[in-house]
Amino acid sequence: MMRHEWNALRVGDHVLVHDPRDAEARLVPGIVVDVDPLDGSHDLGIRIKSEREAAVVIRPKRLVVHQDPRDPGERCWRCDAIALTRRAG
């Protein structure tokens, strides 16, 4: 996510996050629950819940977060790797 998009997020906004608890780093839905404005990139708390885990609040880096719905033109090496694995499997 670009810095200006990240810094524009507010409590209640919906996002997609590469789940740090998942070895494949699949995207899971998340909701912004905390915004701490900082110089540069803000620090955000995002509540995520996967199919296998209970909901938790994480403080991810902006490069593992996407707008919801995801912009198909946005490049992401994690999403590309997941798509490549699915095509190969």
Any residue in segment 63-89 that is part of a helix (DSSP H, G or I) sitting within a Cβ distance under 7 Å of a residue that is open to solvent by 70 Å² or more (accessible area, probe 1.4 Å)? List the pairs, counting only those 6 or more apart or interchain. Ile82/Glu24
Which residue out of Asp39, Asp22 is open to solvent by 80 Å² or more (accessible area, probe 1.4 Å), at pLDDT below 95 and more than 11 Å from the chain's Cα centre (by Cα)? Asp39
If I go through segment 1-12 residue by residue, how many of them are over 17 Å from Asp34 (Cα atoms) and either crowded, with 18+ Cβ neighbours inside 10 Å or touching a Lys or Arg at 6+ places or on another chain (Cβ under 6 Å) (or both)? 1
Exactly one of Val15, Val65, Val57 is hydrophobic (A, V, I, L, M, F, W, C), surrounded by fewer than 16 Cβ atoms within 10 Å (Cβ to Cβ) and out of contact with any His (no Cβ under 6 Å at 6 or more places or on another chain), and that one is Val57
Of all residues in segment 41-55, which are in contact (Cβ under 8 Å) with a residue 24 or more places away in the chain and part of a strand (DSSP E or B)? Leu44, Ile46, Ile48
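This table checks each residue for (1) basic (Lys, Arg); (2) closer than 17 Å to Val11 by Cβ; (3) out of contact with any strand residue (DSSP E or B) (no Cβ under 9 Å at 6 or more places or on another chain).
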residue: Ala25; (1), (2), (3): no, no, no
residue: Ile31; (1), (2), (3): no, yes, no
residue: Pro37; (1), (2), (3): no, yes, no
residue: His42; (1), (2), (3): no, yes, no
residue: Ile46; (1), (2), (3): no, yes, no
residue: Arg62; (1), (2), (3): yes, yes, no
residue: Pro72; (1), (2), (3): no, no, yes
residue: Cys79; (1), (2), (3): no, no, no
residue: Arg87; (1), (2), (3): yes, no, yes
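The values are calculated or read from the model by the stated rules, or taken from the named source; none is laboratory data. The structure displayed is predicted, hence computed values, not measured ones. Note that each Cβ is placed from the backbone with ideal geometry, even for glycine, and that neighbours are counted across all protein chains shown. What goes into the accessible areas is simple: the full protein's heavy atoms, side chains included, and nothing from ligands, DNA or RNA. Shrake-Rupley method; radii C 1.70, N 1.55, O 1.52, S 1.80 Å.
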